[in-house]
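The structure under discussion appears below in the form of structure tokens.
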Amino acid sequence: MTFAFGIYPGALLGSDTGAVEPVRPDDPDLINDALRRLQGDGRTLTVRAYRPFAATVAPDAPPTPAEPERYLEGGRRLDLVLTFREPTGALDGWLDFVRATVRDEGPRLATVQICEEPNAVLPVLDGSTPNVREALVHGVIAAKEEALASGHDLGVGFNAVPTFDPADTFWKDLGALADERFHRSLDYVGLDFFPDVFRPVPPERLADATAWVVTAFRDGGLREAGIDPSVPLRVCENGWPTGPDRSEARQAEVVEEVVRTLAGLRDELNLTGYSFFSLRDADSAGTGIFDRFGLLRDDYTPKPAFEAYRRLIEELGDRQ
């Protein structure tokens, strides 16, 4: 089994307190050049993008990155996230938004993800939005129904982050809401995780920690929600930033070790995809942990991890 690889091509990202704006604007030509080099000859590569729904405060909010269709050369398709950021929690218009996006964007979509980290209660993530569990369940059903009705071949899923709090009821609540239609509609579940970023992991334990988190996600939360092991698992966001005391050489080693560890778990965990976060630094001179997640520096010059990821895609990636 090979991987469907992907990447978020932007530099704008969210931190635990708000958005981190890039110091240099996106350059579509340079981004496409980097994506071509990563994709290589005949491999698949999905482009991750985010489109928000917030009817009462920003009904026409643009996607991130802007105009993501610019990055769909060479057969690349979108891994599109529909975020539920309506501050009132009202579902009015949400399902219409989901259906219209699937109907209109369907030919460009490899996958559509409903909600962004709905179990993470942080200001920039959907877990802080009221009624997010209901938005998730009904959104998955609506997306799948629209895809089938429109004849679009795409995967419908949602993502989450690892849960370490035994008092967290997200998966139990989701299982209670999820009916047969939801389970029939679900094509994958995504995991966002960043080992040795927000909690330090000794280098000699990185592979074990990676395997433990992904296995616990499959055997813990997904099982508690009643999600069958036959539903594929995808890593939707994973990365390791450079910075003070975090060398570019070590970033390349981490990319290599994490992806190869996940590749070794493909059959055991029904793990079918991996997407790196992100292509380019927000600020290569910055000292914050969110400034330098990129495979490229903010001036688009490559770090060693860029070549490491390119080789992994060439070796392990799906062919078109």
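The values are calculated or read from the model by the stated rules, or taken from the named source; none is laboratory data. Since the model is a prediction, treat every value here as computed from it, not as a measurement. As a convention, Cβ positions derive from the backbone with ideal geometry for all residues, glycine included, and neighbour counts pool all protein chains shown.
Key figures for this structure:
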quantity	calculated
Test result for residue 44, of a type outside the set (Asp, Glu) and out of contact with any helix residue (DSSP H, G or I) (no Cβ under 8 Å at 6 or more places or on another chain)	no
Considering residues of segment 32-53 that are in a loop (DSSP other than H, G, I, E, B) and surrounded by fewer than 17 Cβ atoms within 10 Å (Cβ to Cβ) only, the residue modelled with the highest pLDDT	40
Filter result (surrounded by fewer than 24 Cβ atoms within 10 Å (Cβ to Cβ), farther than 13 Å from residue 291 by Cβ and of a type in the set (Ser, Thr, Tyr)) within segment 3-27	17
Enumeration of residues in segment 102-135 that are buried (at least 23 other Cβ atoms within 10 Å of the Cβ), closer than 19 Å to residue 221 by Cβ and touching a helix residue (DSSP H, G or I) at 6+ places or on another chain (Cβ under 7 Å)	114, 115, 116, 117, 118, 119, 126, 132, 135
Scope segment 129-156; condition within 24 Å of residue 92 (Cβ to Cβ) and either at pLDDT below 95 or not in a helix (DSSP H, G or I) (or both); matching residues	129, 130, 131, 156
Scan of segment 138-153 for residues that are surrounded by fewer than 23 Cβ atoms within 10 Å (Cβ to Cβ) and not small (Gly, Ala, Ser), ordered by number	138, 141, 145, 146, 148, 152, 153
Close pairs (7 angstrom Cβ cut-off, 6 or more residues apart or separate chains): farther than 17 Å from residue 191 by Cβ and of a type in the set (S, T, N, Q) in segment 260-286, buried (at least 19 other Cβ atoms within 10 Å of the Cβ) and at pLDDT 95 or above anywhere	284/292; 284/297; 284/298
Identity of the residue in segment 58-100, among the polar types (S, T, N, Q) and under 18 Å from the mean Cα position of the chain (by Cα), that ends up farthest from residue 146 (Cα to Cα)	64
Options 146, 67: the member that is touching a helix residue (DSSP H, G or I) at 6+ places or on another chain (Cβ under 7 Å) and among the acidic types (Asp, Glu)	146
Any pair with Cβ under 9 angstrom, 6 or more apart, that starts in segment 1-27 at a residue that is farther than 17 Å from residue 128 by Cα and without any contact (Cβ under 8 Å) to a residue 12 or more places away in the chain and ends at one that is buried (at least 18 other Cβ atoms within 10 Å of the Cβ) and of a type in the set (A, V, I, L, M, F, W, C)	25/11
Only listed residue being surrounded by 15 or more Cβ atoms within 10 Å (Cβ to Cβ), of a type in the set (Phe, Trp, Tyr), closer than 21 Å to residue 53 by Cβ and under 16 Å from the mean Cα position of the chain (by Cα), chosen from 182, 158, 194, 170	158
Enumerated helices (runs of 4 or more DSSP H) restricted to segment 206-320, each holding at least 3 residues that are on the phi > 0 side of the Ramachandran plot, surrounded by 23 or more Cβ atoms within 10 Å (Cβ to Cβ) and among the hydrophobic types (A, V, I, L, M, F, W, C)	none
Options 156, 140, 161, 132; residue that is under 16 Å from residue 192 (Cα atoms), in contact (Cβ under 8 Å) with a residue 12 or more places away in the chain and β-branched (Val, Ile, Thr)	161
Filter result for the condition that a residue is free of Cβ contacts under 8 Å to residues at least 40 places away in the same chain, within 29 Å of residue 17 (Cβ to Cβ) and among the charged types (D, E, K, R), over 60, 126	60
Residue in segment 188-200 that is aromatic (Phe, Trp, Tyr), touching a residue at least 12 places away in the same chain (Cβ under 8 Å), part of a helix (DSSP H, G or I) and closer than 29 Å to residue 261 by Cβ present	no
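Here is a yes/no grid of residues against (1) within 20 Å of residue 271 (Cα to Cα); (2) among the aromatic types (Phe, Trp, Tyr):
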site	(1), (2)
122	no, no
141	no, no
166	no, no
170	no, yes
181	no, no
192	yes, no
197	no, no
